[in-house]
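Everything below concerns the one structure shown next.
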Amino acid sequence: MHPMKYNLPVITSEVYELDPQRYELRKGNTEGAPLCSFGNHFKWIGFDTKTKIYIRVTKSVFKRLILLLDEDEVALHEAHHK
C-alpha cells in the first residue's frame, strides 16, 4: 500500500522506477481531476494509467514527469496560473 496525501496514493521514486511508463502528469483542471483539500485545482496532478486513478508524486518524480511534457504546453499552462 502506498502512503497517502490529500486522499491520493503517493508515488515515490522507487515505485516510479518499477514502471515509469505507467505514470503521467495531467493539468489539474482536467475533467475528473480531484481538488486539493482547500477545494482548489492542483496545477498538475499525477495519473496512473494502469489503475486509471489520480495520484500524488514526490518532488523527484514530478521533476522527471514534467520534463516529458511538451515545453510549449507547460509554458502556456504556467503563464495562465501566474
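Here, each number is a calculation from the coordinates, and none is a lab measurement. Just so it is clear, the model here is predicted, and its values are computed rather than measured. Positions of Cβ are backbone-derived with ideal geometry, glycine not excepted, and every protein chain shown enters the neighbour counts.
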Q | Where labels lie 7 Å past Cα in the beta-carbon direction, separation of residue 52 and residue 71 in nm | A | 3.6
Q. What are the residues whose amide H is under 5 Å from the amide H of residue 42, where those residues sit 5 or more places off or on another chain and H is modelled from the backbone?
A. 36
Q: State the answer as a single residue: which of 38, 28, 75 lies farthest towards the positive end of the charge dipole of segment 4-80, with beta carbon charges of +1 for Lys and Arg and -1 for Asp and Glu, about the Cα centre.
A: 38
Q | the chain, relative contact order [Cα under 8 Å, separation at least 6], % | A | 29
Q) For the chain, what is the mean residue ellipticity at 222 nm derived from helices alone (per DSSP H run of n ≥ 4: -39500 (n - 2.57); sum divided by total residues; nearest 500 deg cm²/dmol)? A) -9000 deg cm²/dmol
Q. Residues of segment 56-73 with amide nitrogen under 13 Å from the 7 Å Cα-to-Cβ point of residue 2?
A. 56-59, 61-62
Q) Rounded to a whole number, what is D in µm²/s for the chain from Stokes-Einstein with the Kirkwood radius over alpha-carbon pairs (10 °C, 1.306 mPa s)? A) 121
